[in-house]
Amino acid sequence: MALQISATNAEHPALLLELPWQLPLEEWPEKYLVPLPRGISRHVVRYARAGDEIIAVKELAERPAVREYGLLRDLDRLGIPAVDALAVVTGRTDDDGEPLEPVLVTRHLGGSMPYRSMFETTLRPATINRLMDALAVLLVRLHLAGFAWGDCSLSNTLFRRDAGAYAAYLVDAETGELHPRLSDGQRDYDLDLARVNISGELLDVEASGALHPAVDPVEFGNQICGRYQELWKELTRTSVYPAGKYHYIERRIRRLNDLGFDVAEMQIEHSSNGDTVTFVPKVVDAGHHQRQLLRLTGLDAEENQARRLLNDLESWMATQDDYSPGDRPPGSQLRSSGGHPHGARPEVLAHRWVRDVFRPTVRAVPPELRGAMDPAEIYHELLEHRWYLSERAQHDIGLDTAVADYIKNILPKVRETLRPTAE
Ligand SMILES: Nc1ncnc2c1ncn2[C@@H]1O[C@H](COP(=O)(O)OP(=O)(O)O)[C@@H](O)[C@H]1O
Ligand SMILES: [Mg+2]
C-alpha cells in the first residue's frame, strides 16, 4: 500500500511529504522535532516542523484517526475552539515493508500550554479557578453545538492566555460524538465524566506535591460542574416578562452578549390573555466580541482580549472629530449598520485605530521582550499598566507614558514570569 496523505487543505500535503513517515514516530530524528511541552496521552504524540508551521503528529489506528479528523473539522465549522486538523496519513510502511500506524496531523496551537506544564510551579487557587472557568465555558459551547466530548479532562484541553483569564481549546476529539442536539441525560453524563477526570488529574498533581494546599481536588471537580450548570441555565432559561416590557428582552440579550454569546434566534410568545411574554433565546455562538473585533479591525483575538480591545477602541473613537455615535443605543458595542450620517463609519475609524494606536503601541515593545505573548495580550497588559499608573497618579497618564514605563520598569522584571508556567 502506498503512502497516502488525505487533507482538505491543499497546501499542507506537499510539506508533509518531507517527513520521515517510514520511521515509527518514537524514532523520528531530532532534526524533525520541536521540543515543546506535551500533555499526557495514550498514543505517541510528537511535534514536528513542516515548512513554517509546527504540527502535532499522533499515531493511532486508521478508523479513529479518520473519525477524529472529521470531528475536528466539524468543530472548526461550528466555530468551537479546538485544534485544527490538517491531515490523516495512511499506508505507512517501514524500510522492510512492515506496516506502521497511521497518523493524525493537527496544527500546533501556538501559545498554548498543557496543564501539566502550568502546574510545574504551584498555581494560585485564583489561577486554577480561571482555568476551570475556561473549561466550563468550553464544555457549554460544545454542548450547545451538540457535541458530547466523552472524555473532557485537563489532559485533553489546551489553555491560552486571554487578557488575564484563559481560553480553553479542545485537543482530543477521539471519543466525541456530534448530534443535532444533546439531551439533558447526555449532558449530565458528559459533565460527570469531566468531574471525575478533573478531580483525578488534580489528585495526581497533589500527589506530586505541586498542588496549592488550599485546593481540594474533589471539591474542584464539583465546582466546575456548578459553574457549567450556572452558565448553561443563564444561556438557555426561559424568561417570562409582563407584556409591553420588551426592553427586558433586550436586556437579557445584552447580558448574554456580555457573557460572550450571541443569540441566533429567539422565540417570543404572548400568553393567551396577553398579560405576559415568554422569551426563549437560542444561543448558539460564543465569541461575540471576538467576531465583532475581527469584523471591525481584522484582528483575531481571544474573547476577553477582544472585549478589552473593543472598549479601548470605543473610547478612542469618542475622541475623534469625525465620530458620530448615531443611533447607537447606550452601552451597545460598536454597530456598523446605519445611523452615522455625519461621521465616519466605525470600520473606517477602527482601521485608523489599528494603524495609529494599536500597532504602534505593540511595536514599541521590543519583540525579544514580548516573550510568548501575542499582540492582543501585550496590548491588554499595556492597558492594565496604564490603568494602574493612572490610579496611582489620580489622572490618566496616557498610553505613551504607560508603554515607556512598562518597557523600562516592568518587562525586565517579568521576563522570567512570562514563561507560560508562572503567573
Ligand atoms: N495540535 C496540538 N497543539 C498543541 N498540543 C497538542 C496538539 N495535539 C496534541 N497536543 C499535545 O499532545 C497531548 C496528547 O494529545 P491527545 O490528542 O490528547 O492524545 P491521546 O489521544 O493519546 O490522549 C495533548 O495533551 C497536548 O498536550
Ligand atoms: Mg488525550
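The values are calculated or read from the model by the stated rules, or taken from the named source; none is laboratory data. Since this is a predicted model, take the numbers as computed values, not measurements. Cβ coordinates were reconstructed from backbone atoms using ideal geometry, including for glycine residues, and neighbour counts include every protein chain displayed. Ligands, DNA and RNA are stripped out before the accessible areas are found, and what is left, the full protein with its side chains, is counted by its heavy atoms. Shrake-Rupley method; radii C 1.70, N 1.55, O 1.52, S 1.80 Å.
Select from the range 163-210 the residues that are more than 16 Å from ligand 2 (Cβ to nearest atom) and among the β-branched types (Val, Ile, Thr) and list them in ascending order. Matches in the range 163-210: VAL205 only. Can you find a residue in the range 66-76 that is away from ligand 1 (no atom under 15 Å from the Cβ), of a type in the set (Asp, Glu), surrounded by 15 or more Cβ atoms within 10 Å (Cβ to Cβ) and touching a residue at least 60 places away in the same chain (Cβ under 8 Å)? Checked against the condition, which is being away from ligand 1 (no atom under 15 Å from the Cβ), of a type in the set (Asp, Glu), surrounded by 15 or more Cβ atoms within 10 Å (Cβ to Cβ) and touching a residue at least 60 places away in the same chain (Cβ under 8 Å), the range 66-76 yields at least one hit. Contact map, the range 381-395: first residue of a type in the set (Gly, Ala, Ser), second residue outside any helix (DSSP H, G or I), Cβ cut-off under 6 Å, separation 6 or more or different chains; pairs are SER390/ASP396; SER390/ILE397.
Residues checked against (1) within 16 Å of ligand 1 (Cβ to nearest atom); (2) surrounded by 16 or more Cβ atoms within 10 Å (Cβ to Cβ):
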{"position": "LEU3", "(1), (2)": "no, no"}
{"position": "LEU17", "(1), (2)": "no, no"}
{"position": "TRP28", "(1), (2)": "yes, yes"}
{"position": "TYR47", "(1), (2)": "yes, yes"}
{"position": "ILE55", "(1), (2)": "yes, yes"}
{"position": "GLU62", "(1), (2)": "yes, no"}
{"position": "LEU78", "(1), (2)": "no, yes"}
{"position": "ALA82", "(1), (2)": "yes, yes"}
{"position": "GLY91", "(1), (2)": "no, no"}
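All of LEU23, LEU33, LEU60, LEU16 fail the test of being within 14 Å of ligand 2 (Cβ to nearest atom) and either assigned by TED's automatic domain parsing to the domain that holds ALA134 or hydrophobic (A, V, I, L, M, F, W, C) (or both), apart from LEU60. Checking ARG195, ARG161 one by one, the residue that is assigned to a strand (DSSP E or B) and more than 23 Å from GLU68 (Cβ to Cβ) is ARG161 and no other.
Filtering ASP192, ASP188, ASP216, ASP275 for residues that are out of contact with any Phe, Trp or Tyr (no Cβ under 6 Å at 6 or more places or on another chain), of a type outside the set (S, T, N, Q), free of Cβ contacts under 8 Å to residues at least 40 places away in the same chain and outside the structural domain of ALA134 (by TED's automatic domain parsing) leaves a single hit, ASP275. Just one of the listed residues (MET132, MET113) is touching a Pro at 6+ places or on another chain (Cβ under 9 Å) and closer than 28 Å to ASN304 by Cβ, and it is MET113. Just give me the residues in the range 140-156 being assigned to a strand (DSSP E or B) and over 26 Å from ARG237 (Cα atoms), in sequence order. Within the range 140-156, none qualify.
Take the residues in the range 144-200 that are open to solvent by 40 Å² or more (accessible area, probe 1.4 Å), more than 19 Å from the chain's Cα centre (by Cα) and within 15 Å of ligand 1 (Cβ to nearest atom), then tell me which one is nearest to VAL105 (Cα to Cα). Here the answer is THR175. Within the range 28-41, residues that are under 17 Å from ARG92 (Cβ atoms) and modelled with pLDDT of 90 or more have Cβ atoms under 8 Å from residues that are among the hydrophobic types (A, V, I, L, M, F, W, C) and within 15 Å of ligand 1 (Cβ to nearest atom) in these pairs: TRP28/ALA48; TYR32/ALA48, counting only partners at least 6 apart in sequence or on another chain.
What about ARG160, is it within 20 Å of HIS212 (Cβ to Cβ) and either modelled with pLDDT of 90 or more or more than 16 Å from ligand 2 (Cβ to nearest atom) (or both)? The answer is no for ARG160.
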